[in-house]
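Just so it is clear, none of the values below were taken in a lab; they were calculated from the coordinates. All figures in this text were calculated on a predicted structure; none of them were measured in a lab. Cβ coordinates were reconstructed from backbone atoms using ideal geometry, including for glycine residues, and neighbour counts include every protein chain displayed.
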Amino acid sequence: MFTFLNVPVAGAFHLIVPIIAVLHPLLGGVCVAVAVVLFTCAVRLLLLPLARAAVRGERARAVLAPRIAVLRTQHKNDPQRLQREVTTLQQESGLSMFAGCLPMLAQAPFFTIMYRLFTSPTVAGHPNTLLAGNMFGVPLNQHLLGLDLMGMPALVFLVLLASLAVVATLSLRWQAATVIAEPPPGARFWRYRAYFPLLIAAVLPLVGGIYLLTSTTWTAVERRLLHRPAVPADCRPG
């Protein structure tokens, strides 16, 4: 299943191996974990233009939202008329209610490749050596399930899961303070997806959890920075 991802996953693997080779003399076995963090940040940096485009799309929806709310009130008993009026409004404004969706969808393949890279036991038919490192003596291929809850591996996972919980909580608070468009139906529940990585990390090998923590932290900070309101020119110092 998803065998079409084998080639890009193998390509990503061969990109991260040199990073591990450079770090190994300095960091020893933990070099793999550090390389995972660095490589994840590098990929997220490359995806920054797509994230910025998604934010612009959200702002576009925010511009149209009040006028669409009026149309919904005016034509609540005539769905076909409502659809025509909304379409006309979007065409006249040059904005699309889906402007922020395409950049987000474009990022999905990259996240899928990264996820497979750091969780698959094999890459291109060979053992995934990214699972061979360790963090504080805990193998990166270690799973939480079945661990002795009093040992060091359990403590490492506890710190990892607690960190994911903190990031998720901060992300929710920042989202609440930076909402720029009317949320779609069901968004109140869906926003708690920030806690999904916490559940996923509980069943992944340690290296997968490290990737999730790095990526979700980047996402939270990125959203916080990109959604900051612009400072008016007359309010800027100097």
Notebook entry, point to check: From the residues V43, A194, A53, which one has its Cα farthest along the dipole of segment 3-235 in the positive direction, the dipole being from +1 and -1 charges on Cβ of Lys/Arg and Asp/Glu about the Cα centre?
Noted result: A53
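Quick one: length gained pulling R84 to L50 fully straight, 0.36 nm per residue minus the C-alpha distance? Working shown, then result.
On the way: separation 34, 0.36 × 34 = 12.24 nm, distance 2.99 nm.
Result for the pair: 9.2 nm of gain on full extension.
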Item checked: Nearest-0.05 FRET efficiency for A124 and R67, computed from C-beta distance (R0 35 Å) -> 0.10
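Please compute the volume of the convex hull spanned by the alpha-carbon atoms of segment 14-79 and report it per residue in Å³. Before the final figure, lay out each step's value.
Details: hull volume 8.7 nm³, N = 66.
For segment 14-79, the hull spanned by Cα atoms encloses 132 Å³ per residue.
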Check: Roughly what would the spin-label model give for N77 and M150, points 7 Å off Cα along C-beta, in nm?
Finding: 7.3 nm
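In debye, nearest 20: dipole of segment 3-235 around its Cα centre with unit charges on the Cβ of K, R (+) and D, E (-)?
Values: 18 positive and 8 negative charges, 132 e Å.
Magnitude of the dipole: close to 640 debye.
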